[in-house]
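Novice: This is the structure I want to talk about, given as structure tokens.
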Ligand code: BTN
């Protein structure tokens, strides 16, 4: 296993902001930033990520040497590694919801936010931020959520979860099996095959989710049989 550098904070504005500074200043691949509390935790689509004590909040800085249109695979690998970790440690059966959520019986347990910097057509860094509900009791309000503690009915160690995640994530992102990630994600997802409403910053697309294409976009067939692809958005299942 890689010898990770981990920066731990009791409190921070957002692990994404600190990770960005580290990445800009040339930190190593797989540098990790964790915080017990985030004062300004950030979610996807410019939402807040409520981050009280008890949850697991961290960002991994990656410096991948891959084509920039393949970077999204790391997001899928991260959600798969979270699902594998929950299964391994707690026998929790997690499913993946496009684009980056981990769900347990329809309730969100984990959200993933990523930020990329491209320099001259190459990835300079790709930061993946993960918020997992562990022992925290309050969740980002607008979503139907659940925590590890609610499922196991006892307090669980966030550090143990982080360590197991990092091992699983490293295995999943091994270049030798990188190509398998999309099919593995598809096998564990709850989005394809259902009816969805995807809200992007400026439009909403409704229809049957039929696939994920090679760029990670969700392929939707609308009511008038038009095929649409969405690369990023909030996905609601019917
Ligand atoms: C989502 O909207 O579902 C993504 C939530 C991502 C939250 C994590 S917590 C650690 C990292 N720091 C942040 O400010 N956000 C991400």
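Novice: Please give the peptides 58-64, 194-200, 35-41 ranked by average Cβ packing (other Cβ atoms within 10 Å per residue), highest first, as a rough proxy for protection.
Specialist: Highest to lowest by the protection proxy: 58-64, 35-41, 194-200.
Novice: Could you tell me how far the Cα centroid of the range 152-231 sits from the Cα centroid of the range 33-92, in Å?
Specialist: 13
Novice: On each of the three principal axes of the Cα atoms of the chain, give max minus min coordinate, whole Å, ordered largest first.
Specialist: That gives 52, 47, 33 Å along the principal axes, largest extent first.
Novice: Under 17 Å from a point placed 7 Å out from the Cα of residue 2 along the Cα-to-Cβ direction: which residues of the range 59-74 have their backbone N that close?
Specialist: Within reach of a label on residue 2: 59-68, 70-74.
Novice: Quick one: what does P(r) look like for the range 195-237 with 10 Å bins over all Cα pairs, in whole %?
Specialist: 33, 61, 6
Novice: Please report 72, 225 as a ranked list, fewest other C-beta atoms within 10 angstrom at the top and most at the bottom.
Specialist: 225, 72
Novice: At a threshold of 8 angstrom on Cα-Cα distance, excluding pairs fewer than six apart, so keeping six or more, what relative contact order does the chain reach in percent?
Specialist: RCO, the chain: 17 percent.
Novice: Rounded to the nearest 0.05, what FRET efficiency do residue 68 and residue 91 give with R0 = 35 Å and r taken as the Cβ-Cβ distance? Could you check?
Specialist: About 0.40, to the nearest 0.05.
Novice: Can you figure out the FRET efficiency of residue 160 with residue 120, using R₀ = 41 Å and their beta-carbon distance, to the nearest 0.05?
Specialist: On the way: r = 40 Å, r/R0 = 0.98.
So the FRET efficiency works out to roughly 0.50.
Novice: What distance in nm lies between label points placed 7 Å from Cα along the C-beta direction at residue 200 and residue 25?
Specialist: My value for the distance between the label points is 3.7 nm.
Novice: Could you work out the helix-only [θ] at 222 nm for the chain, with each DSSP H run of four or more residues adding -39,500 (n - 2.57) and the total divided by the number of residues, to the nearest 500 deg cm²/dmol?
Specialist: Result for the chain, helices only: -7000 deg cm²/dmol.
Every read-out reported here was derived from the displayed coordinates using simple, explicitly stated rules and does not represent laboratory data. Because the structure is a prediction, the values reported are computed rather than measured. Ideal geometry is used to build each Cβ from the backbone, glycine not excepted, and the neighbour counts take in all protein chains shown.
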